[in-house]
Amino acid sequence: MGDPATKSDPPFEVVPTGAAVGAEIRGLDVRTLDDATFLALRQEWLTHKVLLFRGQSMSDDDLVAFSKRFGPLDLAPASATDNVGSQEKSRPDIWIISNVVEDGKPIGALGSDEAEWHTDMSYVDQPPMASVLYSLEIPPSGGDTSFANMVTALDALPDDLRAKIEGRIANHDSSYTSVGELRAGAEPVTDVTKAPGARHPIIRTHPESGEKALYLGRRSNGWIVDMDRAENEALLDALWAHCADPRFSWTHQWRKGDLLIWDNRSLNHKREAFDPKSRRVMHRCQIKGDTPA
Ligand code: SIN
């Protein structure tokens, strides 16, 4: 006979996307999670890699409090310009992603262009393990965010490509944002072998699940350390073409009040462009990670 004082089902529903990553969690207000519910949720996050919560109603303090349950926060990344409005400057733990301009200054980063496939802030030595993104204003169309599972991408990598990257290190350029804008204070990159940033193994092991994943950062200005430039470009093109295969990915169409948390240690993501005349306002927290190994 089971002990009635032991495990009960968590008070939420898990609805997998049916794609290579992601699940929607239904029935929760993330502002009011008890410890047991949070632990069950964290396990779902490790399993599905990106979780979606619809219909949340969160202040910046709520976003920070929820994010901090996963671990201490990282500061927001450097934007393309120092000329951002006072809203972004007021909360160093929140990164505002927006195309909205107020009083002649963008209130946030990344504008309305496409953001290339990337994993967040891999150009630092200890990139954030997770990002938490909350939608405050959403355009009528466009601006979808896609996630690609780098564990399944590595598993499916042809043997010849895998042999070329086993044991290799890549440099992750820090000069440009994912929409290709030069970050404040950075110099244009003219030679990828001299790009600033951080160096990480191309195949990394997830510190919690033990899964191996491709860890490429972003295509722009990537360099496989000690590789000849022509060979580097050809190999990176082949690896990124493989990773872009839709069988590894899931695309999220945003609604106001959506909250996503994703695992940067095993996923890439990208954002579609949208009409610059419409408004998109998102607030993001990033949770500290450790050195990729
Ligand atoms: C990002 O975190 O790279 C931006 C994603 C988005 O704006 O949807």
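Of all residues in region 108-121, which are surrounded by fewer than 20 Cβ atoms within 10 Å (Cβ to Cβ) and within 10 Å of the ligand (Cβ to nearest atom)?
Matches in region 108-121: E116 only.
Among the residues of region 259-293, just one is charged (D, E, K, R), near the ligand (Cβ under 10 Å from one of its atoms) and over 15 Å from the mean Cα position of the chain (by Cα), namely R280. Do you know which residues across region 209-232 are hydroxyl-bearing (S, T, Y) and closer than 12 Å to S174 by Cα? Selection gives S220 alone. Scanning for something under 30 Å from E208 (Cα atoms), hydrophobic (A, V, I, L, M, F, W, C), part of a strand (DSSP E or B) and modelled with pLDDT under 95, does region 80-95 turn up at least one residue? Yes; the residues of region 80-95 include at least one that is under 30 Å from E208 (Cα atoms), hydrophobic (A, V, I, L, M, F, W, C), part of a strand (DSSP E or B) and modelled with pLDDT under 95. Among the residues of region 127-148, those that are surrounded by 22 or more Cβ atoms within 10 Å (Cβ to Cβ) and either on the phi > 0 side of the Ramachandran plot or touching a helix residue (DSSP H, G or I) at 6+ places or on another chain (Cβ under 6 Å) (or both) comprise V132, Y134, G143, A148.
Of the residues V124, V151, only one is more than 18 Å from D237 (Cβ to Cβ) and open to solvent by less than 30 Å² (accessible area, probe 1.4 Å); which?
V151
At least 2 residues being in contact (Cβ under 8 Å) with a residue 40 or more places away in the chain and either surrounded by fewer than 13 Cβ atoms within 10 Å (Cβ to Cβ) or of a type outside the set (K, R) (or both) is the threshold, and among the strands (runs of 3 or more DSSP E) wholly inside region 1-74 those reaching it are 50-53.
Each residue in region 122-178 was checked for being at pLDDT below 95 and within 12 Å of the ligand (Cβ to nearest atom), and 2 of them qualify. Within region 199-224, being open to solvent by less than 20 Å² (accessible area, probe 1.4 Å), part of a strand (DSSP E or B) and without any contact (Cβ under 8 Å) to a residue 60 or more places away in the chain holds for one residue alone: I224. On the stretch given as region 114-141, residues that are in a loop (DSSP other than H, G, I, E, B) and in contact with a strand residue (DSSP E or B) (Cβ under 9 Å, 6 or more places away or on another chain) total 13. When E231 is tested against (1) surrounded by fewer than 18 Cβ atoms within 10 Å (Cβ to Cβ); (2) within 16 Å of the ligand (Cβ to nearest atom); (3) more than 18 Å from D144 (Cβ to Cβ), just one condition goes unmet, and that condition is (2).
The values are calculated or read from the model by the stated rules, or taken from the named source; none is laboratory data. Predicted, not measured: the structure shown is a model, and the values here were computed from it. No Cβ is skipped: glycine too gets one built from the backbone with ideal geometry, and neighbour counts run over all protein chains shown. These area figures cover heavy atoms from the full protein model, side chains too; ligands, DNA and RNA do not enter into them. Shrake-Rupley method; radii C 1.70, N 1.55, O 1.52, S 1.80 Å.
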